[in-house]
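Data first, discussion second: the structure below is written as structure tokens.
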Amino acid sequence: MSAATTRSRTPDRLCAEAVDLARAAAEEAAAPGIVGEHVELVSEGDRVVTHFFECKELGYRGWRWAVTVARASRAKIVTVDEAVLLPGPDAVLAPEWVPWSERLRPGDMGPGDLLPTDAEDLRLEPGWTGEDEPPPNSVVSEDMAALAEAEDAEVTAGPLAVPARGSIAAVAEELGVRRARVLSRYGLHIAADRWEEAFGPKTPMAQAAPAACVSCGFLLRIGGSLGQAFGVCGNEFSPADGRVVSLAYGCGGHSEAAVMPKPPQPAPPVIDETRVDPFPLRPAPDSGSVPVAADEDTEELGHS
């Protein structure tokens, strides 16, 4: 260890004694009453000392005013280098700054917001945007066009012509690959992991489900390679309605998990109160309850 390094660890006596000078500089930078007690001093080098004072400013708990003083070689006058407010060991600090691209979360975008993608985004890869070259015998080829112009003839679509609908460009557009960039294999994997984490077989809802979505009538199939493992739920009563779900996901709204029971049929009534029983006004002559009356005067009156 050199002698200069040894000397730098020992605070300079004149600089260490300049506490009042350092306090005055701190109060000038801050305001009277904001600078608190002298906390400590640290030797920054040969004849360079930093004095730390307590900060009483509201909202700056644990911060300290740092005033660095120094003196020239063989000089007895101490001068102020700088006065700044620095965080202490237990200071309340703002969280570490994170770029916006890393702070952004799903659902943060609103109407009118634009989310630019990096040119080297690993989730994307170049798509197919170039037009296909027509065959030589096509009516739209350059050779046929030059021949028609030289012979002043009209070119009509013949049997050998390739229709625009059957071109590679048309097929690529119908398949959805005629774009500047498409999902890369990495982009497909992270999308699948994200969807499976939200609506996959390991979720509590799927663990308690009576059956998986692969056999549910409300499942809507999707195209592409992800269609082998995912679909869209079309059950309005399901928690995943309108969401991409794993085929191994499930919920209580499975179409075949439970059959709606038929309403029970009420038992027939013991006494039928809806039926009318006819009763004769006169008893039958052969019922035995009334003797046969020969008197014509009492015949209409019945038994008295």
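The values are calculated or read from the model by the stated rules, or taken from the named source; none is laboratory data. The structure presented is a predicted model; accordingly, all values stated were derived computationally and were not measured. Cβ atoms come from the backbone with ideal geometry, glycine included; neighbour counts cover every protein chain shown. In case anyone asks, the SASA skips ligands and DNA or RNA and just uses the protein heavy atoms, side chains included. Shrake-Rupley method; radii C 1.70, N 1.55, O 1.52, S 1.80 Å.
Things to note:
- Cβ-Cβ FRET estimate between residue 256 and residue 220, R0 fixed at 22 Å, reported to 0.05: 0.85
- Modelled FRET efficiency - R0 45 Å, residue 207 with residue 101, Cβ distances, 0.05 increments: 0.80
- Simple spin-label estimate for residue 28 and residue 241 gives 7.2 nm between the two label positions (7 Å along the Cα-to-Cβ direction from each Cα).
- Solvent-accessible area, 1.4 Å probe, carbon plus sulfur percent, for segment 1-123: 54 percent
- For segment 37-93, trypsin sites (Lys or Arg not before Pro) are listed when DSSP marks them as loop and at most 10 other Cβ atoms sit within 10 Å of their Cβ; the list is 74, 76.
- Shape box of segment 184-256 [Cα atoms, principal axes, largest first, Å]: 36, 23, 17
- Accessible surface, per residue, of segment 21-134 when the full set of protein chains is kept, probe 1.4 Å, Å²: 72 Å²
- 3J(HN,Hα) from dihedral phi, segment 81-89, Karplus parametrisation 6.51/-1.76/1.60, rounded to Hz, x for glycine, proline: 8, 7, 9, 9, 9, 10, x, x, x
- Rounded to 0.05, the FRET efficiency of the residue 191 and residue 94 pair, given R0 = 30 Å and the Cβ-Cβ distance, is 0.35.
- Restricting segment 66-118 to GluC sites (Glu not before Pro) in coil, as DSSP defines it, with at most 12 other Cβ within 10 Å: 96
- Among the chymotrypsin sites (Phe, Trp or Tyr not before Pro) found in segment 1-105, those both in a DSSP coil and sparsely packed, with 15 or fewer other Cβ atoms within 10 Å of their Cβ, are 97.
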